[in-house]
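Right, one structure below, let's go through it.
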Ligand SMILES: [Fe+2]
C-alpha cells in the first residue's frame, strides 16, 4: 500500500468527510455563479474572501488572473476541497506511487470539485489566458500551512511554515524566526540570565 492510498489519510479531526467538503464547495460555487457573492480580480496579489466560517469549516472564494499560482503547499491538519466556478485551473499534485514520487498535473475545469486529505501537497496555477474563480473549504478551519520545493534529488522538501487562518497568507514565516540562544525562562529576557 502506498502512502497516498492509505485510508487513514481520508480522515481528519473533524466530523465532516471529504465528500461533504466537496459538496460544500459545489453548493457555494452555485451561489457564486448565481451572483450572490462579489468577485474581484487583482493581478498583483491573488484576491480572496472568506464567505463563511463556523466551528467545523471555512469557505473561501479565490480569484486567479493568468499565471497566478500558490506554490507547493499543504493545509497542515485540515481536510480541504475546491470547486472551480469559472475558468480552468491547473493543479500540480505531489503523488507517491509504486513507480516513485513526483508532481502530476491535472486540469480543473469549471464545475470540477476535488478533495484534499491531510498531508496533501499541491500547487494551483492559472495557466489559461482567462481569469479563473474557485471556492475552497477547509475543515477544521485552516490554522497553518507549509510550503515545499522539489529538491535536486527529486524529493519533496519543506521550506517553511506559517500559522494562518487565511489560505492566501501574508504573514512572517517560521523560517524567519531567529534560531539563536533562547531565554532560560519564557518571561525573562537574555539580560536576566
Ligand atoms: Fe491548497
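The values are calculated or read from the model by the stated rules, or taken from the named source; none is laboratory data. Please read all numbers here as calculations on a predicted model, not as lab measurements. A quick note on method: Cβ atoms are made from the backbone with ideal geometry, for glycine too, and the neighbour counts reach across all protein chains shown.
Applying a threshold of 8 Å to beta carbon distances and a minimum spacing of six or more residues, or different chains, the list of pairs starting in region 71-84 at a residue that is within 11 Å of residue 143 (Cα to Cα) and ending at one that is near the ligand (Cβ under 7 Å from one of its atoms) and assigned to a strand (DSSP E or B) reads 75/116. Out of the residues in region 75-100 that are assigned to a loop (DSSP other than H, G, I, E, B) and within 13 Å of the ligand (Cβ to nearest atom), state the one that is surrounded by the fewest Cβ atoms within 10 Å (Cβ to Cβ). Only one residue tops the list, namely 76. So residue 65 fits all but one of (1) touching a strand residue (DSSP E or B) at 6+ places or on another chain (Cβ under 7 Å); (2) away from the ligand (no atom under 15 Å from the Cβ); (3) in contact (Cβ under 8 Å) with a residue 24 or more places away in the chain; what number is the exception? Condition not satisfied by residue 65: (1).
Using the structure shown, decide if residue 71 is part of a loop (DSSP other than H, G, I, E, B), in contact with a strand residue (DSSP E or B) (Cβ under 7 Å, 6 or more places away or on another chain) and more than 15 Å from the ligand (Cβ to nearest atom). Against the criterion (part of a loop (DSSP other than H, G, I, E, B), in contact with a strand residue (DSSP E or B) (Cβ under 7 Å, 6 or more places away or on another chain) and more than 15 Å from the ligand (Cβ to nearest atom)), residue 71 does not qualify.
Regarding region 2-11, can at least one residue be identified that is in contact with a helix residue (DSSP H, G or I) (Cβ under 7 Å, 6 or more places away or on another chain) and modelled with pLDDT under 95? Yes, there is a match, as at least one residue in region 2-11 is in contact with a helix residue (DSSP H, G or I) (Cβ under 7 Å, 6 or more places away or on another chain) and modelled with pLDDT under 95.
Kindly indicate which of 138, 147 is within 12 Å of the ligand (Cβ to nearest atom), more than 18 Å from residue 82 (Cα to Cα) and touching a strand residue (DSSP E or B) at 6+ places or on another chain (Cβ under 7 Å).
Only one candidate passes the filter, namely 147.
For region 129-164, the set of residues classified as in a loop (DSSP other than H, G, I, E, B) and crowded, with 16+ Cβ neighbours inside 10 Å consists of 131, 140, 141, 142, 164, listed by residue number.
For region 54-66, a tally of residues being modelled with pLDDT of 95 or more and more than 19 Å from residue 119 (Cα to Cα) returns 8.
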